Amino acid sequence: MDDVHPEPHWPASLALLVCSGLYVLLPSRLVVGPKWLLPVLVILPLIPLSARRHRRPDEAPWVRYLCITLIAIITAANCTSVVFLIDRLFFGAHVVGRSLIYSAASIWCTNFIVFGLWLWEMDRGGPHRRAGSEKRFPDIQFPQMENPTMAPGDWRPRFVDYLYTSFANGTSFAPADAMPLSIQAKSLFATEALVSFVTIAVIAGEAVNILR
């Protein structure tokens, strides 16, 4: 058991709750169904997940399946909100620029948080696999892995590392310090950058023009 380094589950749970809260803040025209639907779909499954404080190598398979399902639900909802926002921007009447900026900001924040969750859940088979002694090829290369002298000998990427990586990718539309290695990681980086580009460059930029 000395080689087991369980990862706490609460940062990911908190991130899911934040995404749900940001979704509630969106205007009704940018959500599918009632606003309470997505928070309910996220919070109810979080109850049994929260009872497990750590992600361990011996966890039941349903834990990861449930986590991936929750992340996928929020991703689909946020991408749908992007489509609705574009439709409202170009085809809606009486568009309010300030409202568009707030909506774009909420969608962008949700985007980098949810892709931080994807990276955390995908890299080297997930947090439960990384917690064990099993050696797997990394999907993402962090600077500490390339230069071990810059970190403690037992350093491992945590949720905040993946969240920062997602934030940097969503801001610059390209990897900052951590590099994607696998096809899965490159696909996630590219998808996040695309959604972020549309949200910032197209929607937020047009909203500023409306305010003028």
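The values are calculated or read from the model by the stated rules, or taken from the named source; none is laboratory data. Just so it is clear, the structure is predicted and the values come from calculations on it, not from any experiment. In this analysis, Cβ positions are derived from the backbone assuming ideal geometry, glycine residues included, and neighbour counts consider all displayed protein chains.
In this entry, S187 passes the filter for residues that are touching a strand residue (DSSP E or B) at 6+ places or on another chain (Cβ under 9 Å), free of Cβ contacts under 8 Å to residues at least 40 places away in the same chain, surrounded by fewer than 17 Cβ atoms within 10 Å (Cβ to Cβ) and of a type in the set (S, T, N, Q). Under the condition of being in contact (Cβ under 8 Å) with a residue 40 or more places away in the chain and not small (G, A, S), the residues counted in the stretch 59-89 number 18.
Scanning the stretch 56-83 for residues that are small (G, A, S) and surrounded by fewer than 17 Cβ atoms within 10 Å (Cβ to Cβ) yields A60, A72, A76. Counting only helices (runs of 4 or more DSSP H) that sit wholly inside the stretch 103-173, those with at least 1 residues that are among the hydrophobic types (A, V, I, L, M, F, W, C), crowded, with 21+ Cβ neighbours inside 10 Å and modelled with pLDDT of 85 or more are 159-172.
Flag set for R52, criterion: farther than 27 Å from W108 by Cα, surrounded by fewer than 18 Cβ atoms within 10 Å (Cβ to Cβ) and touching an Asp or Glu at 6+ places or on another chain (Cβ under 8 Å).
Of the residues making up the stretch 141-170, just one is of a type in the set (V, I, T), under 30 Å from T110 (Cβ atoms) and either without any contact (Cβ under 8 Å) to a residue 60 or more places away in the chain or touching a Cys at 6+ places or on another chain (Cβ under 9 Å) (or both), namely T165.
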